[in-house]
Structure formats: structure tokens, C-alpha cells
1. Any residue in region 94-109 that is over 15 Å from W72 (Cβ atoms) sitting within a Cβ distance under 6 Å of a residue that is open to solvent by 80 Å² or more (accessible area, probe 1.4 Å) and part of a loop (DSSP other than H, G, I, E, B)? List the pairs, counting only those 6 or more apart or interchain.
2. How about region 117-138: which of its residues are assigned to a loop (DSSP other than H, G, I, E, B) and open to solvent by 70 Å² or more (accessible area, probe 1.4 Å)?
3. For region 45-59, state whether one or more residues are open to solvent by less than 20 Å² (accessible area, probe 1.4 Å) and over 18 Å from the mean Cα position of the chain (by Cα).
4. Quick check: is even one residue across region 66-88 under 24 Å from A137 (Cβ atoms), under 21 Å from the mean Cα position of the chain (by Cα) and aliphatic (A, V, I, L, M)?
5. Please find, among A11, A21, A5, the residue that is among the small types (G, A, S), open to solvent by 50 Å² or more (accessible area, probe 1.4 Å), modelled with pLDDT under 95 and within 26 Å of D177 (Cα to Cα).
6. Inspect all residues belonging to region 140-147 and state whether any of them is of a type outside the set (K, R), under 17 Å from H182 (Cα atoms) and open to solvent by less than 40 Å² (accessible area, probe 1.4 Å).
7. Across region 214-237, which residue is farthest from F249 (Cα to Cα) among those that are of a type in the set (S, T, Y) and modelled with pLDDT of 70 or more?
8. Counting only residues that are at pLDDT 80 or above, of a type in the set (D, E, K, R) and over 14 Å from I106 (Cα atoms), how many does region 238-258 have?
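The values are calculated or read from the model by the stated rules, or taken from the named source; none is laboratory data. Remember, it's a predicted structure, so these values are computed and weren't measured experimentally. No Cβ is skipped: glycine too gets one built from the backbone with ideal geometry, and neighbour counts run over all protein chains shown. Heavy atoms of the whole protein, side chains included, go into the accessibility calculation; ligands, DNA and RNA do not. Shrake-Rupley method; radii C 1.70, N 1.55, O 1.52, S 1.80 Å.
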Amino acid sequence: MKTKAFRLFIALLVIQTFLFAQSEGMVFIKGSRYIPLYGRDSTVVEVKDFEIDVYPITNAEYENFVKKYPKWQKSKVIKLFADTSYLSNWKNDLELKASEKPNSPITYISWFAAKDYCECQGKRLPTVDEWEYVAMADETTKDARKKPSYNKQILAWYEAPRFNENTIGEHQKNAWDVHDLHGLVWEWTLDFNSVLITGESRKDVDKDSNLFCGSAAVNATDLMNYAAFMRYAIRGSLKAKYSMKNLGFRCAKDINLK
């Protein structure tokens, strides 16, 4: 009896330590091996344990960031790192336009800016595989890709206009306790431009070009493949300096084992 009580005490102590160690505003994701749906030729991918933000980064959070790091203000950003659309929904370097909501996801943001934001928080952008791994969960199941209802819901979100004016947290959290991976805005990933490379390099134009037209959907023979194809296609069409109305980001973090 004493042995069982001692084991229970140790287990509770470990759980308590983990909960206190979890980064604020992030959730722990237990890694595993899985097969992405589209663009990886059914290759098994291993995702290690990591943390990810519960919500996308908001306008208010990015506003605080540019105040601390002026080089990312819209009038001061180096053009190599952001196109002319960068923060185009801002009134000036430090203020949003009146039409924008502080608790809406930050958009009109380049990959360079998103990457630096995360790194300044001691974090990083999630990889494509990490993002897809977390996003395949519905409200109750961590891999809901075989559920017709789950895939129909995602496709309905994708077919509807994606609005950056909506606020975070309006969609129900998934089984990992993560919000807004679907249905709010697209999100940058660390390796966004590595997914649709079909030749030895991006110079393989003839092969890559087919991925962005209707014929590319031939392999997307069911709902879950087609939904994944849409995500991979949008990522593959981006350049790191692009800034779009419906493209935001969230951060991830490695688990430091001591």
C-alpha cells in the first residue's frame, strides 16, 4: 500500500512539474510518427515533442513587437524582407487603422517578420509537419482525418471567404487545446517553401508549374487529400517577402530536455 501511494505521489509530482514548466500561452504536443496526406508521397514523418501557441499572434501582440523592435515598423522595414503590402492595414508605424481589431490575427505579414517575431520570443515558427500534425485533430480526436464530418467542415471553411477581421478563439479548440488552425487565416510555417519541390531545385519550372493548376488535384482523390492539397498549394505559391490579407502565423518551441 505504501509503495502504491509513493508511486502515485511521484506521478502527481511529475505532472505538476510539467504543467508549471509549460510555456505561457502554449500547449505541449506529444510527438509521434504519422503520414501526411498530400505532397509527401506517403512517407512516414516523425514529429518530436514540441510546444505551440494556443492562438495565432494578434494585432495587439505585433503592435507591442514593433514598438520594441522599430526595424519592423512599416516605414522602416527593409524591402528585401517585406513587400509593399506589409502592414498595409495599419494607420502608421505604431497604430492600426480604426477598422482593425486588436484581438484579430496579425496579417499582411512577411515570413521574415513572422520568423523574427518568434525568435525574439525565444520561439520559432512551426514546421509544416508540426502544423499539419496538430491540425489533423478535431474537437475530440487527435487524428480525425478519416471522419467525413471533419473533412467536410474544413472544406466548408476553405470555400468560404477567409476574414482577418474575425477575432481569435471563436472556433472551438481541438483535442490538443489549440484554437483557429482552420477557418480563420492561413499561417506561415518555417519551411513553407519546401513542400512542393518536385525536382532537384526550384529551377525545375516545368514540373513545379503543374502543381498550381487544376491537373494538380488529380492525386487529391478524396476530401481529406483535397483539403491538404489546398494548404500545400498556398504554401508552395508563396515567397518569403509576401504579405497577404489572409496570412498570419503562430509560434512553436522545442522541448528542452535537461
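1. Listed pairs, sorted by first residue: K97/K91.
2. As a first pass, look at region 117-138 and keep what is assigned to a loop (DSSP other than H, G, I, E, B): 121-123, 125-127, 136-138.
The one that is assigned to a loop (DSSP other than H, G, I, E, B) and open to solvent by 70 Å² or more (accessible area, probe 1.4 Å): Q121.
3. no
4. Taking region 66-88 first, the residues under 24 Å from A137 (Cβ atoms) are none.
Scanning region 66-88, I find no residue that is under 24 Å from A137 (Cβ atoms), under 21 Å from the mean Cα position of the chain (by Cα) and aliphatic (A, V, I, L, M), so the answer is no.
5. Details: A11 fails: open to solvent by 50 Å² or more (accessible area, probe 1.4 Å); A5 fails: within 26 Å of D177 (Cα to Cα).
Within the list A11, A21, A5, the selection yields A21.
6. If we filter region 140-147 for residues that are of a type outside the set (K, R), which is where we start, we get 140-141, 143-144.
Next, from what is left, pick out any that are under 17 Å from H182 (Cα atoms): 140-141, 143-144.
The next check asks that each one be open to solvent by less than 40 Å² (accessible area, probe 1.4 Å); those that pass are 144.
Yes, that holds for at least one residue.
7. We begin by selecting, within region 214-237, every residue of a type in the set (S, T, Y); these are 215, 221, 226, 232, 237.
Still in the running and modelled with pLDDT of 70 or more: 226, 232, 237.
On the way: Y226: 22, Y232: 15, S237: 17 Å.
Among those that are of a type in the set (S, T, Y) and modelled with pLDDT of 70 or more, it is Y226.
8. Within region 238-258, the subset at pLDDT 80 or above is 238-255.
Right, trim to of a type in the set (D, E, K, R) and you get 239, 241, 245, 250, 253-254.
Okay, now just the ones that are also over 14 Å from I106 (Cα atoms), so 239, 241, 253-254.
Qualifying residue count, region 238-258: 4.
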